[in-house]
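What follows draws every value from the coordinates through simple rules; no lab data is involved. Remember, predicted model here, so these are calculated numbers, not experimental data. Methodologically, a virtual Cβ is constructed for each residue, glycine included, from the backbone with ideal geometry; neighbour enumeration extends over all protein chains shown.
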Amino acid sequence: MEWEVVIGLEIHAQLATKSKIFSGSSTAFGADANTQASLVDLGLPGVLPVFNEEALAMAVKFGTAIDAEIGKVSVFDRKNYFYPDSPKGYQTTQLHHPIVGMGHIDIDLEDGTSRRINVTRAHLEEDAGKSLHEDFSGMSGIDLNRAGTPLIEIVSEPEIRNAKEAVAYFKKMHSIVTYLGICDGNLSQGSMRCDCNVSLRPKGQEEFGTRTEIKNVNSFRFVEQAINVEIERQRDILEDGGSITQETRLFDANKMETRSMRSKEVANDYRYFPCPDLLPVVIDDDYIEAIRKTLPELPDQKKQRLMDEQGLSEYDAGVLTASRELAAYFEDVAVKCSDYKLAANWVMGELSAALNKNEVEIADSPISADNLGSMIARIKDDTISGKGAKSVFQALWEQGKGDQKGDNVDALIESLGLKQVSDSGAIEGIVDDVLANNDGQVQNYINAEPEKRGKMIGFFVGQVMKASKGSANPGMVNKVLKEKLDAKC
Amino acid sequence: MSTDMHNLTLAQISKGLEAGDFTSVEITQHFLDRIDTLDQNDGGINSFITVTKDQALADAKAADERRAAGNATAWTGVPFAHKDIFCTDGTLTTCGSKMLSNFVPPYDATVVDNFKQQGAVCLGKTNMDEFAMGSSNESSFFGGVKNPWNKETIPGGSSGGSAAAVAARLVPAATGTDTGGSIRQPAALCGLTGLKPTYGRCSRFGMIAFASSLDQAGPMTQTAEDAAMMLNIMSSFDEKDSTSIDQAVPDYTDTLNNDIAGKVIGLPKEFFPDSLDSEMAATVKAAISEFEKLGCTVKEISLPSTDLAIPAYYVVAPAECSANLSRMDGVRFGHRCDDPKDIEDLYKRSRGEGFGDEVKRRIMIGTYALSTGFYDAYYVKAQQIRRLIKNDFVKAFEGVDIIMGPVTPTPAFKAGEHSGDPVEMYMEDKFTLSCNLAGLPGMSIPAGQINGLPVGLQMIGNYWDEANMLNMAHQFQQVTDHHKQTPANI
Amino acid sequence: MALDRSDVKSIADLARLAISDENIDKYSTELSSILDLVEQMNAVNTDGVQPLAHPTDAVQRLRADVVTESNNREKYMANAPAQEEGLFLVPKVVE
């Protein structure tokens, strides 16, 4: 049978506020256990929540960025469940009246096309703490530093049709929230996590099949792998005539399988109801419009501008704008050297290769955008050759890895002796010497048929470059040689 | 210094301290001695769970020094007590429960802090129904409280310890909290003045939540004047409580002597049903006629949804408490069972052992009412009825200045009398619940006695109308002496 | 609505309350009678009535995004029944 895959994603993004959603504790990552857990975060008897205005602003910003309806009256609800990392025995979230309603994003597919995916809603909620399962006398340890960190949970419509689209969706969301500056996007620290709802149905059938939810997938690669193995698992079951159990599953990247999280399945009935400790959050059009005005250029807009105004190809523009850091770096380089295409070539070519090879993020690039831009400017004004530039690039990279403050680009070119000789008098002198010392070759050139001379000129170029220790501007050398040789014919 | 200074009101103590008639240390010691002999002994009243003797004397000494330095306020050095529902930094706070029988909060409730700022002297933490769930104080893990008027009867609840302590003159005044009548009902049964303010008047921060949208702190005192003095410092706008309302706090003692002639009193016919005990009806109506003598007029009104208050309340309050008490899980504080075999066992046994019967019943009712398939029929329905109840009052206040009626159906009943049937106990609060559901201020003032036991007159004011209520109560107390009666042998 | 033994058991499970077997009948009688009381609500038609969750019409106040809390771990964890290395300890949690 032919199956159609139906995928919906729920992405949790931690909001980049300084303090927690309902308390004045720091949200900084990596502090000692429970040192950033206040009375409110610990859920001690008698404490009460007060809502962080920045968490609201960030959620509304997200909503305006995905062209969504904004909830002018949003309500916090309690989701009741017992778990040691949930200190109050309920999570404060938004069920019936979320801050962000229906919106949409366009995802970029590998074949260069894009596809619109609708976003059902995004709501504000608090993050849970962490259970640490190392052995503490046979027990688990609970750290509540993360408890109360603001999250938006972004829920997609079940419109995603394969793992690659799911990754493209996750990446686009990552790009949007980081462009907006509302989430640091750090997947390895759990700043963004993804729950994948996966089901299969016979092609052509309208109603959905039974779905499973793969919890807490925290990398782009794992999203693709987890979904693919889950699709396979479900297909095998269905084709054997079995049925899918609706349940929560966990992806194990080592074993490349998903497995049931039975612990979460204990007869849960979340008993949502409006949180009586918090009042309805009411905002007006002025508030929403004021936030809309602060929206930065978003990835799709930036991509279009690079294509329309700077003539970049759709592919290049797409790659360069996919992440906020890369786009910012690229634009700094391009502005510095005043050549977007050349900047694109270097950033996507030499720089990306070096970053990949050394497993370095663009944010930690040893070569600053300023230096790379200056270097490209020197290619453009013929100070260095393309070949020389590669040496400069290498030197800048090495220099940037160390702690010492390196030379600026011009000083580096100077000290490496890579400055091209573009002075026509000097080049003519070298050319004259080379021609004088290679009389036989000159005679051959003269005697050759004119259409073969083009190839023969390479010999003289090589000799001139050698004589100049590689510093002569190859373009000029070619031009001067041709003039002088042709004059002899 | 006299040997009966425990009969002084708050206002008199405040003046006596100012005049130098006695020091804070002297009066504090006097009350502490009374607590020792009348409360903490075998067969005593048992109105205190914790007596903070050393701290109280140290605070009294500091208050005397503050007075000597010329920085005293009306409250400096004045003794009082807190219901054991308010978190006190470094002092055991049990909420009447085994669950919190070892809980020492690392912070002060805002209301507690308000008293501290004034240099008031807290003598200890008063007994209460477990997690404020009860109308007789019998659900306390620390044992029932005796009504000083008749030790075989209950003092009411949940603020039964505060009520009994003030009635027995073990403290001149105490704080209480009221979720469905927990200030007014014990005040009525112990012959006190008790006020539940408008929802949002007093901060709930640090007050251990029972039902968040209903809970409100308030004073339990001998007189309306003292209640005004208490409310002056219990009230505050608190940034730490999202439901605290930023409404100016007037000096409630300023308007006590205003003329009340011309005020219109509404008597809801639903508060005087045929089934109401005839002596209760007569006592309450006699009290109301005193207001008529003071120039008030009386008008019959209707609050048609009154009978729905009990069923709606017993959905809303349990639903909220079922979630509020989930944090009592034996992980970060409170009772933990021995040798839990896994996390579920830890939760179930810690909570099973830590909570008493009434708390368990309410948690289960709330859990059920919120569960899938029942939410609309119970929770949503109750919230709709809550709207109807509020609408009744809003409409009524278009034509009257205040609403009056009984506080309780009967005077104090005997201990154990209702403990077999929870629903019978719930009927105790039939006249007080609607106030909480609507968020309105409600008050109980002594109205007379039936068979030697005090009963109360309930006054329900419009939103933020506490000053008017205190004014009317004070004027009533200028022409009556019900509030001056004290139990025999105290 | 009458709750039978299995209803009571599942509600107690959901609320994480251990109740002894011999008490289940008592609870089922008591809870059923409370529900009978509660169901008096059904006497009134509430179609179209807006539910009231808060007694006042106030709306949520907002707090400035400022870190106001510092590390108070020792004091805040002083009530913990079991702790080690700054962590609250619970029986092993398996996912």
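Points to keep in mind about this one:
- Sorted largest first, extent of chain C alpha carbons per principal axis (Å): 54, 45, 26
- Part-to-part distance (alpha-carbon centres) for the range A:91-114 and the range B:63-80, which is given in Å: 61 Å
- Rounded to 10°, Cα long-axis angle of helix C:5-14 versus longest principal axis of chain C: 20 degrees
- Loop-located trypsin sites (Lys or Arg not before Pro) in the range A:285-365 whose Cβ has at most 11 other Cβ within 10 Å (DSSP): A:293
- Calculated from the alpha-carbon coordinates, the range B:85-154 shows an Rg and a Dmax of 13.5, 39 Å respectively.
- A simple rule links phi to the HN-Hα coupling: the Karplus curve 6.51 cos²θ - 1.76 cosθ + 1.60 with θ = phi - 60°, which for the range B:454-463 gives x, 10, x, 9, 8, 10, 10, x, 6, 3 Hz, with x for Gly and Pro.
- Violating pairs (Cα-Cα greater than 30 angstrom) within the set B:98/B:151; B:299/B:430; B:146/B:263: B:146/B:263
- Intensity falloff of the range B:361-490 expressed as log10 I(q)/I(0), Debye formula with alpha-carbon point scatterers, at q = 0.13, 0.14, 0.21 Å⁻¹: -0.74, -0.83, -1.25
- Shielding by other protein chains, C:25-37, mean Cβ within 10 Å: 5
- Inter-chain Cβ neighbour average for residues B:365-378, partner chain, 10 Å: 6
- Charge dipole magnitude, Cβ of K and R +1, D and E -1 - the protein assembly as shown, Cα centre, debye nearest 20: 1080 debye
- Relative contact order (%) - criterion: Cα under 8 Å, at least six apart; region: the range A:299-416: 20 percent
- The protein assembly as shown, Rg to Rh (Cα coordinates; Rh as Kirkwood inverse mean 1/r): 1.14
- Per-peptide average of other Cβ atoms within 10 Å, ordering B:213-226, B:45-58, B:93-106 highest first: B:213-226, B:93-106, B:45-58
- Taking chain B and dividing mean pair separation by its residue count, relative contact order in percent (alpha carbons under 8 Å, at least six apart): 17 percent
- q = 0.12, 0.19, 0.24, 0.28 Å⁻¹: log10 I(q)/I(0) that the Debye formula gives for the range A:424-488, counting C-alpha atoms only: -0.25, -0.63, -1.01, -1.35
- Measuring nothing but how far apart in sequence close Cα pairs (under 8 Å, 6+ apart) lie, relative to its length, the range A:3-291 scores a relative contact order of 25 percent.
- P(r) tail for chain B: Cα pairs beyond 40 Å make up 15% of the total.
- MRE, 222 nm, helices only [DSSP H, n ≥ 4, -39500 (n - 2.57), over chain A, to nearest 500]: -13000 deg cm²/dmol
- In a DSSP loop and with at most 15 other Cβ atoms within 10 Å, the GluC sites (Glu not before Pro) in the range C:1-89 are C:85.
- Dimensions in Å of the range B:4-76 - Rg and Dmax from alpha carbons: 13.2, 43
- Peptides B:283-296, A:92-105, ordered by how many other C-beta atoms sit within 10 Å of their residues on average, highest first, read A:92-105, B:283-296.
- For the range B:110-249, convex hull of alpha carbons as volume per residue, Å³: 94 Å³
- Between 0 and 90 degrees, the angle of helix C:21-38 with respect to the longest Cα principal axis of chain C falls at about 70 degrees.
- Distance from the Cα centroid of the range A:158-219 to that of the range C:1-34 is 41 Å (rounded to whole angstrom).
- Kyte-Doolittle at least -0.5, axis length at least 24 Å by Cα - qualifying DSSP helices, chain A: A:163-180, A:220-239, A:450-467
- Mean partner shielding of peptide B:335-341, defined as the number of other chain Cβ atoms within 10 Å of each residue Cβ, is 2.
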